[in-house]
Amino acid sequence: MNCQIENAAGIKFGRYGGLFVPETLVQPLLELAEAYEQMKNSDEFHRELKNLLKNFAGRPTPLYYARNLSLELGRKIYLKREDLVHGGAHKLNNTLGQGLVAKRMGKTRLIAETGAGQHGVATAIVGANLGFETQIYMGEVDIERQKMNVYRMELMGAEVIPVRSGSRTLKDAINEAMRDWASTFEHTHYLLGTAAGAHPFPSMVRDFQSVIGDEARRQISEAEGRLPDSIVACVGGGSNAMGIFAPFLKDDVRLLAVEAGGRGPGKTDKIADNGASLGYGTDGVLHGALTKILQDPYGQILESYSVAAGLDYPGVGPELAYLAETGRVHPRMADDKTAIRGFRALSRLEGIIPALESAHAIGYAMSEPDALGELTIINVSGRGDKDLATVMDYENS
Amino acid sequence: MRILEAFSHSPLLIVYICSGDPSPKATPDLVRRLARAGADIIELGLPHSDPIADGPTIQAAAQRAIAAGMNTDVYFDVASVAGDAVPLVFMGYYNMVYARGLDRFAKDCKDSGISGMIVPDLPPEEASPLKDACVRHGVDLIFLAAPNTPPARLKMISEETSGFLYLVARKGVTGARSDVLQDTRDLIARVPEGVPKAVGFGISTPEQAADVIRAGADAAIVGSACVDLIAKGEIERLERLVKDMKEAIARAKGKAPIVC
Ligand SMILES: Cc1ncc(COP(=O)(O)O)c(C=O)c1O
């Protein structure tokens with residue numbers, strides 16, 4: 001394939017995005033972009049994906065009217081139940097899509113990064129189901145705090161490769177996956193787990209996750225006869241947020257993107273005490289895109305922090321950086337405490353244990369109900385089984 | 001200009017070291033010793049927290065250098081005192097350049113005696129703002145091409161680069177390897193006439209360096225092998241390696257080595 005960067009559409013979102021990668025990776029990314037463009041127009045591809053989403057992933061997920069939470073907050077709250085997707089999080093929407101793309105490109109091996117382990121699990125599922133050799137890069141620190149997910153991946157035949165460089169968390173796992181891909185791209189697909197990184201990942205991942213917003217739009221219209229006043233979603237790299245926001249961008253709906261406030265804004269030179277790249281970050285290049293990142297004045301990437309491993313990332317997708325700058329999306333924060341409060345409240349009030357990542361969206365909604373309007377959808381991006389040990393430790397510390 | 005001039009005396013040996021490893025104080029002396037041993041151009045790496053184009057050897061060097069206090073201000077101080085025996089070239093990731101401001105970075109290069117910049121995660125399509133700054137301050141912006149760069153793109157990169165064209169010897173990241181691939185020879189042969197070509201990534205022995213020169217390169221770039229010796233504190237072996245490489249490439253081009 002002989003494609004040029006100019007030919008690929010949608011590379012930039014305002015000044016954000018792009019393709020800031022070593023030359024060896026330029027061609028594999030352009031080939032992926034071109035292959036994806038072709039598949040977007042293929043009915044057969046969409047039929048196959050739809051079938052897997054329905055019969056394997058369990059879509060559509062319910063849009064559930066949370067009666068008790070609504071009473072508590074004095075407004076109507078609906079929950080988009082991505083926690084019910086096979087694997088326990090929205091991540092499978094994307095891995096199924098990219099898995100099919102990789103299959104059609106003739107790749108035989110998948111690599112992926114994972115932080116919380118949810119994307120690693122979703123990749124392992126697809127690897128097993130669609131028949132790929134699968135290797136997952138995971139920081140040593142994350143392996144320690146997400147042991148169950150490591151075992152789940154291994155059960156499904158994926159190999160988990162510990163990453164010992166840098167801060168030994170998600171960002172370093174992405175670095176390692178990119179290094180791997182630079183020498184294996186001929187037979188390997190890099191299955192990036194969020195709407196961040198170099199083109200075409202931000203738009204491709206958003207598209208595959210847009211099934212969340214498409215369903216929610218239909219469901220809320222049926223249930224309420226109108227669109228919601230607001231939608232709340234947590235933001236790590238931005239895939240569940242962009243997925244539910246994208247179909248509403250042209251509507252009069254307040255889009256609230258909740259980042260990890262962690263322990264607060266206080267940062268030393270080396271460590272950001274949060275994962276709030278939109279809130280506290282500045283323009284810079286990380287993992288192939290110009291976006292908002294947490295960095296020191298010299299441009300060294302800071303170690304982020306959040307009680308939720310899936311939000312513990314010092315960057316954010318370029319489209320969210322752009323939408324935040326134009327004012328279409330409102331970046332907000334929930335700190336660890338607020339998230340834990342959301343985690344407990346949803347468990348107690350509705351009998352739904354959310355992922356700690358999703359608990360940031362819930363905690364935020366509970367602490368700022370006036371920002372929501374009368375009718376709100378909260379994206380429950382995943383379920384919380386993986387987080388029980390973390391929450392127990394948190395309560396005891 | 002200094003870089004092009006150097007290439008008029010090819011074959012050249014280009015040596016990469018990570019500035020600040022093992023300490024910022026040690027770097028200027030290392031630069032001088034490498035120049036005396038036969039390095040024609042020295043690539044001075046600015047360590048980054050997230051070096052995605054580098055293998056374990058240079059990653060570790062970057063971590064040591066950052067821990068030893070290297071940052072962009074110190075980097076330019078070090079470059080200024082390293083002397084001008086041979087041309088210096090900046091090598092570092094785009095975010096470090098972006099964070100300082102493109103114009104300021106290019107000016108600091110010029111003012112501290114750095115003749116060119118290599119930014120491995122900045123393809124030409126994203127580079128025009130930095131290119132403008134480099135032109136303003138008379139600094140060469142050196143682009144990279146790889147074995148999987150298709151013909152039309154290779155032509156474009158060859159036209160955009162200034163100083164020389166950096167040919168990535170193989171897919172993947174930096175780090176010592178034991179052979180030179182046919183892919184690399186093909187890439188060297190594919191570059192349009194008249195563009196100075198330096199080959200790097202994976203070259204660690206005099207034989208490999210000689211091999212790429214015989215295949216038509218104007219310069220061989222050695223990085224991880226030198227960084228590894230610096231990590232072990234074996235500076236005399238480092239000087240020996242550089243001398244041997246210099247001799248090997250001179251022989252490969254059928255020239256007597258000029259060692260001073
Ligand atoms: C349940 C859940 N929600 C959210 C996220 C954050 O990712 P994103 O911002 O891409 O949705 C993760 C990441 O691991 C996750 O596991």
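The values are calculated or read from the model by the stated rules, or taken from the named source; none is laboratory data. Please read all numbers here as calculations on a predicted model, not as lab measurements. Virtual Cβ from ideal backbone geometry, glycine too; neighbours counted across all protein chains shown. Ligands, DNA and RNA are stripped out before the accessible areas are found, and what is left, the full protein with its side chains, is counted by its heavy atoms. Shrake-Rupley method; radii C 1.70, N 1.55, O 1.52, S 1.80 Å.
Side notes on the structure shown:
- Shape of region B:199-259, Cα gyration tensor, a/c cut at 1.5: oblate
- Dividing the convex hull volume of the alpha-carbon atoms in region A:322-397 by its residue count gives 107 Å³ per residue.
- Options A:N175, A:Y313, A:A128, ranked by Cα towards positive dipole end of chain A, top entry (Cβ charges): A:A128
- For region A:1-110, average projected area of the Cα convex hull in nm²: 10.5
- Stretched out straight at 0.36 nm per residue, the stretch from A:K40 to A:E72 would grow longer than its current Cα-Cα span by 7.2 nm.
- Cα shape, chain A, gyration tensor, a/c 1.5 rule: rounded
- Peptides B:238-249, A:59-70 ranked from most to least packed, by the mean per-residue count of other Cβ atoms within 10 Å: B:238-249, A:59-70.
- Counting only other chain Cβ atoms within 10 Å of each residue's Cβ, the peptide A:184-194 averages 1.
- Rg/Rh, computed from the Cα trace of region B:108-182 with Rh as the Kirkwood radius, has the value 1.01.
- With the highest mean first, a sort of the peptides A:198-211, B:184-197, B:64-77, B:16-29 on other beta-carbon atoms found within 10 angstrom per residue produces A:198-211, B:16-29, B:64-77, B:184-197.
- B:R104 accessible area, 1.4 Å probe, all protein chains in place, Å² to nearest 10: 120
- Kirkwood Rh in Å, taken over all unlike Cα pairs in region A:157-240: 15.6
- Column: log10 I(q)/I(0), Debye, Cα scatterers of region B:21-92, q = 0.17, 0.20 Å⁻¹: -0.60, -0.83
- Within region A:332-375, the GluC sites (Glu not before Pro) that combine a DSSP coil assignment with at most 13 other C-beta atoms in a 10 angstrom radius are A:E374.
- If both residues of a DSSP beta bridge must be in chain A, then about 25% of such bridges are antiparallel.
- Between B:S8 and B:K155, the distance separating the two model label sites (each 7 Å from Cα on the Cα→Cβ line) works out to 2.9 nm.
- Chain B: most fluctuating residue of B:V199, B:V15, B:V78 per GNM, C-alpha cutoff 10 Å: B:V78
- Peptide-level mean, for A:228-241, of C-beta atoms on other protein chains within 10 Å: 0
- Per-peptide average of other Cβ atoms within 10 Å, ordering B:200-213, B:130-143 highest first: B:200-213, B:130-143
- Cβ neighbours within 10 Å from other chains - mean over B:166-172: 4
- Counted charge near B:D218, where neighbours are those whose Cβ lies closer than 11 Å (Asp, Glu -1; Lys, Arg +1): +1
- Relative contact order, percent, region A:279-397 [alpha-carbon distance under 8 Å, six or more residues apart]: 17
- Candidates B:E234, B:E43, B:E125: whichever shows maximal mean-square fluctuation once chain B is modelled as a Gaussian network with Cα springs under 10 Å: B:E125
- Three-way shape call for region A:102-184 based on the alpha-carbon gyration tensor, with the a/c threshold at 1.5: oblate
- Rolling a 1.4 Å probe over the protein heavy atoms leaves B:Y166 with an accessible area of roughly 10 Å².
- Dimensionless Rg over Rh [region A:254-364; C-alpha; Kirkwood]: 1.00
- Whole-Å semi-axes of region B:90-239's equivalent ellipsoid (Cα gyration tensor): 26, 21, 13
- Solvent-accessible area buried by A and B, counting both chains, probe 1.4 angstrom, square angstrom: 3200
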